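Structure record follows, encoded as C-alpha cells.
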C-alpha cells in the first residue's frame, strides 16, 4: 500500500491553518474460496505522528463511505474534520457497498437502491411531514432535481436483501479491519450500527469506544422480507449464551464484550427516531452495556434529522461526540498499523 502526502485546507469559513495529510487505501478480506469477500478501505491521517484516537467511520445502509467526507453543499464532513483535529481516520465501504464489489455468490440478492421518495422521507422531509418545521439542519431544497438533494440521492445504492447475511458480512469486515489497524474508536450511522455492536462484542479489546448515530432499531424490529432484528439490535447471534433461533425479548442477553466497551447512542431531535433510540438504549442497559444517550437537543444542538452527520451544523454535533470520546474512550499505545 502506498501512502500519498498532500496538503488539505479547511473550508473557507474556517480559520484553521492548512493540515498536511497522509492518505492511502487497502483491502480487507473475510471468508475464503467461494465465500471470500473483499472490502475497500480508505484512510487519512495528519502528516505528523499523533497521539489522538484512531477513528473508524461505518456508513449507513445503502450508502457508502462518501457519506462521511463531504456534505451536500460541499463543506468538509466528519472525516476531514476529525483528521483536522488530529485523528487518523479509516473509511470502509461496507460489503457490496461503494467500492467494495458485489459478488452474487457471497452477498446474495440485492434490494433496489432507495428511491427519491425514500431519500426525502429519511433525510429531507417535505412540508406535509410533521418533522419538517423543526428540521432546520437541512436548509437546502428538498425535492429531486435540485443540487443538494440530487448529490445525496446519487450516493445511494442497492444492498443485500438478507438482513442476517448483511449483518454477518458487516461485522466480519469491521473485525478484520480492526485486527489490521489496532484499537480504534468506532462511529456508526443508521444501518451501519450492527457492525459496531458485533465488533465490540467479538473484539472489545480493539474497540476503544463505540458511538452509534441514530442506529437501526428499535430492538427486535421486523423489516419484512429482509428479516428481523432477531437478537435485539442485530439479525445474527450476539448473546454470550447458547440461543434458540432468536433471542427472547423478555430476557436480557449476555453481552460481555459490549459491557466492557464505552458506548454512546446519538439522537437528533427532528428525525422521528427518539423513541426508537430510547428503546435501543434501554435494551443495551438491560444487558449491562454502559451506554450514554446523547440527545443533541438536550445538549444545545437542535434542528437535525437522520442525516445529522452531513447536515448544516454537523460540526457542532461532532464536537459533542468528540467531547464524549475525550472523557470516555479507552486510549491505547498501540500504533495504527494501516498507516504506511
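The values are calculated or read from the model by the stated rules, or taken from the named source; none is laboratory data. Everything numeric in this text was worked out from a predicted model, so none of it was measured. Cβ sites come from the backbone with ideal geometry, for glycine too, and all protein chains shown count toward neighbours.
Only residues that are in a strand (DSSP E or B) and closer than 18 Å to residue 172 by Cα were counted in region 78-115, giving 3. Considering region 262-288 alone, what residues qualify as being within 29 Å of residue 69 (Cβ to Cβ) and either over 19 Å from the mean Cα position of the chain (by Cα) or not in a helix (DSSP H, G or I) (or both)? If the condition is that a residue be within 29 Å of residue 69 (Cβ to Cβ) and either over 19 Å from the mean Cα position of the chain (by Cα) or not in a helix (DSSP H, G or I) (or both), then 262, 263, 264, 265, 266, 267, 268, 269, 270, 271, 272, 273 are the ones that fit. Does region 34-47 contain at least one residue that is closer than 26 Å to residue 324 by Cα, in contact with a strand residue (DSSP E or B) (Cβ under 6 Å, 6 or more places away or on another chain) and assigned to a loop (DSSP other than H, G, I, E, B)? Within region 34-47 (the criterion being closer than 26 Å to residue 324 by Cα, in contact with a strand residue (DSSP E or B) (Cβ under 6 Å, 6 or more places away or on another chain) and assigned to a loop (DSSP other than H, G, I, E, B)), the answer is yes, since at least one residue qualifies. Checking each residue of region 289-299 against the condition of being farther than 26 Å from residue 76 by Cα, at pLDDT below 95 and over 16 Å from the mean Cα position of the chain (by Cα) gives at least one match. State yes or no: is residue 166 outside any loop (DSSP other than H, G, I, E, B) and either farther than 27 Å from residue 198 by Cα or touching a helix residue (DSSP H, G or I) at 6+ places or on another chain (Cβ under 7 Å) (or both)? Judged against the criteria, residue 166 is not a match.
From 108, 145, which residue is at positive phi and touching a strand residue (DSSP E or B) at 6+ places or on another chain (Cβ under 9 Å)?
108
Residue-level check: of (1) at pLDDT below 85; (2) assigned to a strand (DSSP E or B), residue 1 misses just (2).
Remark: pairs (first residue in region 127-156, over 27 Å from residue 98 (Cα atoms); second residue surrounded by fewer than 19 Cβ atoms within 10 Å (Cβ to Cβ) and modelled with pLDDT of 95 or more; Cβ separation under 6 Å; 6+ apart in sequence or on different chains) = 131/272.
Assigned to a loop (DSSP other than H, G, I, E, B), at negative phi and surrounded by fewer than 20 Cβ atoms within 10 Å (Cβ to Cβ): does that describe residue 252? Yes: the conditions hold for residue 252.
Considering 210, 258, the condition of being touching a residue at least 12 places away in the same chain (Cβ under 8 Å), touching a strand residue (DSSP E or B) at 6+ places or on another chain (Cβ under 9 Å), crowded, with 23+ Cβ neighbours inside 10 Å and part of a strand (DSSP E or B) is satisfied by 210 alone. Return yes or no: is residue 169 at pLDDT below 95, surrounded by 21 or more Cβ atoms within 10 Å (Cβ to Cβ) and at negative phi? Answer is no for this residue.
Restricting attention to region 123-148 and to residues that are modelled with pLDDT under 95 and not in a loop (DSSP other than H, G, I, E, B), the residue that is surrounded by the fewest Cβ atoms within 10 Å (Cβ to Cβ) turns out to be 147.
Residues of region 302-340 that are touching a strand residue (DSSP E or B) at 6+ places or on another chain (Cβ under 6 Å) and either modelled with pLDDT under 95 or assigned to a loop (DSSP other than H, G, I, E, B) (or both): 309, 329, 330, 338, 339. Filtering region 18-33 to residues that are in a strand (DSSP E or B) and modelled with pLDDT under 85 leaves 19, 20, 21.
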